[in-house]
Amino acid sequence: GQWRFNTTTGYFEGRNNSGSFSTLEPTPTVTSVDVTEVDSTAGGTQTFVITGTDFSSGGTISFIGLDGTEVNANSTTYNSATQVTVVEDKTTFSQNNEPYKIKFTSSSGLAGISGNGLIYQDQAPNWSTSAGNVGNVLESTSLPVIQLSATDPDGDTVTYTETTSTLSGAGFSLSSSGAITGNSQSVSGDTTTTFDVRATANGKTADRTFNIVTKNLNSDA
């Protein structure tokens, strides 16, 4: 048999039984991706940088869901034999079909699939507590516990933090579980304390603005 190196394709070729040359193209592999969580409700597209071996120009990336459904990426840009950049709609990824494996297919049809699912769908938490007033308290008294609440569609634990710094000035504090407690300050008139709270679940966040009214003992109410 006859062997040669094709400088155009970058692969060795061997003459087959019919007399033509067959390419000895290595099988590509997919090993990792830079973005592993996608919020499908956010809209728009997601850019992924995918790493592997033996990628080739003209190849395509597809995403394979848990049920075996395969979706081709909107675009696949060849960067090098070990990296491609891909753009795909965020709505492609659903919680019921995660995790998604990644498949690279060369222009000749040779394909390699990641050994494990690499991409998960992840959404930001949703607030259950309505924005605006969450409580009224008389001045210089103990605040009845106010419980803020948000839920995560993916079932992740939600934690809470104040992104402003106004609660402490009014005598209140917010716990990581969303409970507001404390003792109200003395006020000269009915005073509204406005504050922002961030709900966080697995790195995804949702902010909301609330207020508490401290009532002056001498005001008409």
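A few points about this structure:
- Long-range neighbours under 6 Å by Cβ, at least six apart or interchain, first residue touching a residue at least 40 places away in the same chain (Cβ under 8 Å) and within 12 Å of Ile102 (Cα to Cα) within the stretch 24-35, second open to solvent by 40 Å² or more (accessible area, probe 1.4 Å) and among the hydroxyl-bearing types (Ser, Thr, Tyr): Thr29/Thr53; Thr31/Thr51; Ser32/Thr51
- Residues satisfying the stated conditions in the stretch 122-159, i.e. within 17 Å of the chain's Cα centre (by Cα), exposed (fewer than 15 other Cβ atoms within 10 Å of the Cβ) and part of a loop (DSSP other than H, G, I, E, B): Gly155, Thr157
- Per the conditions (1) open to solvent by less than 70 Å² (accessible area, probe 1.4 Å); (2) assigned to a strand (DSSP E or B), the sole criterion not satisfied by Tyr78 is (1).
- Subset of the stretch 176-221 [within 30 Å of the chain's Cα centre (by Cα), farther than 17 Å from Val145 by Cα and part of a loop (DSSP other than H, G, I, E, B)]: Asn202, Gly203
- Test result for Ile119, within 18 Å of the chain's Cα centre (by Cα) and among the aliphatic types (A, V, I, L, M): yes
- Residue check, Ser62 part of a strand (DSSP E or B) and of a type in the set (Ser, Thr, Tyr): yes
The values are calculated or read from the model by the stated rules, or taken from the named source; none is laboratory data. Quick caveat: nothing in here was measured; it's all calculated off a predicted structure. Note: ideal-geometry Cβ built from the backbone for every residue, glycine included; neighbour counts use all protein chains shown. These area figures cover heavy atoms from the full protein model, side chains too; ligands, DNA and RNA do not enter into them. Shrake-Rupley method; radii C 1.70, N 1.55, O 1.52, S 1.80 Å.
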